[in-house]
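Read the figures in this text as sums done on the coordinates, not as results from a lab. Keep in mind that what you see is a predicted model, and the values were worked out from it rather than measured. With ideal geometry, Cβ positions are generated from the backbone for all residues, glycine too; neighbour counts draw on all protein chains shown.
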Amino acid sequence: MSVWVLRVTSNGSPAKGWPASGVRVASDCPWASYPALARLGHGVALAWIEARDQIARVQLAAFDSEGRPVKRWPANGITLSSSGQYGDAVELAGDGRGGAFAAWTEMQGRLSDLHVAHAPEDGSKWRARTVVTQAVPVDANILDRHPEIVADGRGGAITVWTDERNQERKTAKDLQDVFAQRITSSGRDAPT
């Protein structure tokens, strides 16, 4: 499997200068899934989960409007996580300043951990952190319950997810709650 990106015009044809088959983002690997896109100024960020050498990784790459890797970003993108734990999904949001936020889950037994990372415009000094541990259901991508992330308009982001930390409740409908957290571009929690 591999990951590809293609810019198309409003009529569905490839944009000028783009190959009809798109641009290969990642080389072949045994498993690649959950690609996500976010706008970055004059380009796009692309994240996905892949497995190489039996290790799961969350990858992030950036391309300009012509389909070339963004200058100053590592040529092969950024490995946000190589914990080896498979995730349910990865989501992206541009930070409004040319960088991107990513949110993803990693399975840890019955429940998953939720992680968030921020990569600035140049792809350097990216920061990843765990938002919550052992709380997100491992089937969180079913019925679109996976983590979501959006820009907050101030260079940060807000992530939202379902969580089972209150499962001592008695009825099934009360087993999952919705939580949100605002995160600054420096990776700190902020009031939502």
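Structure above, values below:
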quantity	calculated
Identified option (computed Rg/Rh (Cα atoms, Kirkwood Rh); candidates (i) 0.93; (ii) 1.12; (iii) 0.99)	(iii)
Estimated inter-spin distance, E66 and T133, nm [label 7 Å along Cα→Cβ]	4.6
Net dipole in debye of the chain [+1 Lys, Arg Cβ; -1 Asp, Glu Cβ; about Cα centre; nearest 20]	500
The range 1-68: trypsin sites (Lys or Arg not before Pro) in DSSP coil with no more than 11 other Cβ atoms inside 10 Å	K16
Residue of A75, A103, A180 that the Gaussian network model of the chain assigns the largest fluctuation, springs spanning Cα pairs under 10 Å	A75
Computed lengthening from S186 to L6, 0.36 nm per intervening residue step minus Cα-Cα distance	61.7 nm
³J(HN,Hα) computed for each position of the range 19-31 - Karplus, 6.51 cos²θ - 1.76 cosθ + 1.60, integer Hz, glycine/proline x	x, 4, 8, x, 10, 6, 8, 10, 6, 4, 8, x, 8
³J(HN,Hα) computed for each position of the range 67-72 - Karplus, 6.51 cos²θ - 1.76 cosθ + 1.60, integer Hz, glycine/proline x	x, 9, x, 5, 4, 6
